[in-house]
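Undergrad: Please read through the structure below; I'll follow up with questions.
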Amino acid sequence: MTIDQYNFNGKKAIVRVDFNVPLDENGHITDDTRIRGALPTLKKILSDGGSLIIMSHMGKPKGKVNPKMSLSQIKDTVSKYLGTEVKFADDCAKASELASALKPGEVLLLENLRFHPEEEGKPVGIDKEDPAYDAAKKEMKERQKEFAKTLASYADVYVNDAFGTAHRRHASTAVIADYFDADHKMLGYLMEKEVKAVDNILSDIKRPFTAIMGGSKVSTKIGIIENLMDKVDNLILCGGMTYTFAKALGGNVGKSICEEDKLQLALDIIEKAKQKGVNLVLGTDCVAADDFSNDANTMIVSSMEIPAEWEGLDAGPETRKSFANAIKGAKTILWNGPAGVFEFDNFTAGSRAIADAIVEATENGAFSLVGGGDSVACVNKFGVADKVSYVSTGGGALLEAIEGKVLPGIAAIRG
Ligand code: AMP
């Protein structure tokens with residue numbers, strides 16, 4: 001079933017969204033992108049004449065009630081965007097009455113799902129090494145099913161529009177789908193768009209394909225790097241990873257971030273790229289700083305010759321040019337992870353050069369996908385989010401999908 005095929009008139013829909021929005025210390029939303037992202041789905045249900053039960057997680061309360069992560073803080077913003085009052089259930093597992101009283105056009109927001117450990121389905125307060133762990137895990141899985149069944153009992157139809165958590169088999173993202181038949185469960189519009197963007201990258205590759213992987217470490221990106229090696233023509237590895245490669249190649253990296261236990265892995269990646277004919281583009285020069293701060297003194301040096309007390313915090317001018325060259329001619333582009341410590345204004349040049357080149361390639365007809373919290377923050381910071389083909393809301397979910405893994409949240413609906 002697709003959301004466009006379904007008529008919600010007179011039906012109650014329970015919708016999993018990702019309203020895990022950043023809040024300031026006073027509980028005010030600092031970026032409501034995620035709320036706006038789910039609006040097409042929510043509005044379709046209401047305009048069909050359905051009633052809406054919205055569920056989400058916020059933060060990591062680890063199975064306990066934590067007022068700082070209460071979704072009551074975002075209720076008014078959701079009301080404002082939907083143009084109607086939103087009711088609130090302050091325990092998502094005890095919302096039967098409120099749900100059954102909902103009339104067409106009415107909206108109920110459930111409290112943070114993760115206030116219940118059953119949502120994630122992981123046993124709490126017991127170590128993995130503990131001999132009793134397996135039994136505790138089994139018991140929690142049973143409780144997770146019950147919890148999912150309770151959520152399912154509120155509604156006639158289930159919609160999953162939370163791509164950011166689609167790689168998790170949680171009660172609200174996957175297990176709940178077992179309680180609806182194929183005609184009463186579907187992906188929301190945002191989810192459909194995300195899946196299509198991933199398909200564009202995986203199946204309909206127009207060449208050359210350039211992937212840009214940045215961020216702090218090789219170790220967290222190794223799965224996707226290895227997988228991309230079979231698909232891309234150019235692979236740019238940037239950000240903190242640069243220095244693990246430089247060190248592996250015999251360079252001096254000073255105080256730069258460097259994973260000493262991944263030096264061999266770096267050499268293996270270089271070798272594999274050669275074997276596969278992939279043009280691996282690494283930083284050759286960098287902006288080195290004498291302190292990890294925006295106001296540090298800086299100098300441009302070779303990434304292989306960083307003085308002992310200095311650290312590479314951004315890509316240098318020569319590197320920026322070679323990155324841009326590998327991006328500008330591309331017809332398919334994937335970007336995950338910044339090329340420097342872009343949070344500091346003085347170390348944004350590398351990421352900015354990447355963003356500018358992606359915008360230029362997109363203007364020339366390339367399909368460009370930007371995903372992962374920090375690269376999305378970059379395109380927002382540089383004001384170019386609407387000049388790339390698609391900005392994904394998923395970090396981990398996007399990378400797992402591109403690695404070719406089946407996402408539980410999508411499999412639970414599509415089978
Ligand atoms: P990740 O979470 O692995 O995608 O990494 C994102 C983080 O990497 C951002 O917070 C950046 O500030 C950081 N980063 C990028 N380049 C460097 C660098 N050269 N040194 C230290 N951190 C970096």
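The values are calculated or read from the model by the stated rules, or taken from the named source; none is laboratory data. The model shown is predicted, which means the values in this text are computed figures rather than measured ones. Cβ sites come from the backbone with ideal geometry, for glycine too, and all protein chains shown count toward neighbours. Side chains included, ligands, DNA and RNA excluded: accessible areas come from the protein's heavy atoms. Shrake-Rupley method; radii C 1.70, N 1.55, O 1.52, S 1.80 Å.
Undergrad: In nanometres, what is the gap between the two model label sites at Lys196 and Asp345, each 7 Å from Cα along Cα-to-Cβ?
TA: 3.9 nm
Undergrad: Restricting to bridges with both residues inside segment 241-388, how much of the DSSP beta-bridge set is antiparallel, in percent to the nearest 5?
TA: Of the beta bridges lying entirely in segment 241-388, close to 60 percent run antiparallel.
Undergrad: Can you tell me the Rg and the Dmax, both Å, for the Cα atoms in segment 287-415?
TA: Just the Cα atoms of segment 287-415 yield Rg and Dmax of 16.8, 56 Å.
Undergrad: Take Thr30 and Glu142, extend 7 Å from each Cα along the Cα→Cβ direction, and tell me the distance between the two endpoints in nm.
TA: Those two pseudo-labels are separated by 4.4 nm.
Undergrad: Restricting to DSSP loop positions (anything but H, G, I, E, B) with no more than 12 other Cβ atoms inside 10 Å of their own Cβ, which trypsin sites (Lys or Arg not before Pro) remain in segment 63-123?
TA: Lys64
Undergrad: Same structure again: Equivalent-ellipsoid semi-axes (√(5λ), Cα gyration tensor) for segment 97-240, whole Å, largest first?
TA: Taking √(5λ) for each Cα gyration eigenvalue gives 35, 25, 13 Å.
Undergrad: When the Kirkwood hydrodynamic radius is evaluated over all pairs of different C-alpha atoms of the chain, what value in angstrom, to one decimal, is obtained?
TA: 22.9 Å
Undergrad: Evaluate the Debye formula for segment 312-354 with equal point scatterers sitting on the alpha carbons, no solvent, and hand back log10 of I(q)/I(0) at q = 0.22 Å⁻¹, in q order, two decimals.
TA: -0.70
Undergrad: Looking at segment 16-58 from every direction and averaging, what is the projected area of its Cα convex hull in nm²?
TA: Numbers: hull surface 12.9 nm².
About 3.2 nm², averaged over all directions.
Undergrad: Would you kindly state how much longer the chain becomes between Phe292 and Glu363 on full extension, computed as 0.36 nm times their sequence separation minus their alpha carbon distance, in nm to one decimal?
TA: 22.0 nm
Undergrad: Turning to a different aspect of this structure: When you take every Cα atom in segment 270-331, what is the radius of gyration, and what is Dmax, the widest Cα pair distance, in Å?
TA: Cα radius of gyration and Dmax of segment 270-331 are 14.2, 42 Å respectively.
Undergrad: Something else about it: Need one number: % antiparallel among DSSP beta bridges in the chain, to the nearest 5.
TA: Counting only bridges with both partners in the chain, antiparallel ones make up about 20 percent.
Undergrad: Consider all pairwise Cα distances in segment 132-171 and report the whole-number % of them above 10 Å.
TA: The answer is 75 percent, as a whole percent.
Undergrad: For segment 9-164, what mean projected area does the convex hull of the alpha carbons give, in nm²?
TA: On the way: hull surface 37.4 nm².
Mean projected area of the Cα convex hull: 9.3 nm².
Undergrad: Give me the percent of Cα-Cα pairs in segment 1-101 that sit more than 18 Å apart, rounded to a whole number. Could the numbers behind the result be given before it?
TA: Details: 2514 of 5050 pairs.
Counting every Cα pair in segment 1-101, those more than 18 Å apart make up 50 percent.
Undergrad: Measuring with a 1.4 Å probe in the full set of protein chains, what accessible area per residue, in whole Å², belongs to segment 1-78?
TA: Counting only protein heavy atoms, the per-residue value for segment 1-78 is 46 Å².
Undergrad: What percentages make up the Cα-Cα pair-distance distribution of segment 181-337 when the bins are 10 Å wide from 0?
TA: 11, 35, 30, 15, 7, 2, 0
Undergrad: Along the principal axes of its C-alpha atoms, what lengths does segment 231-311 span, in descending order and rounded to whole Å?
TA: That gives 41, 23, 17 Å along the principal axes, largest extent first.
Undergrad: I've got another one for you. Do me a favour and compute the ellipsoid semi-axes for segment 249-295 from its Cα gyration tensor, root of five times each eigenvalue, largest one first, whole Å.
TA: They are 26, 13, 8 Å, listed from largest to smallest.
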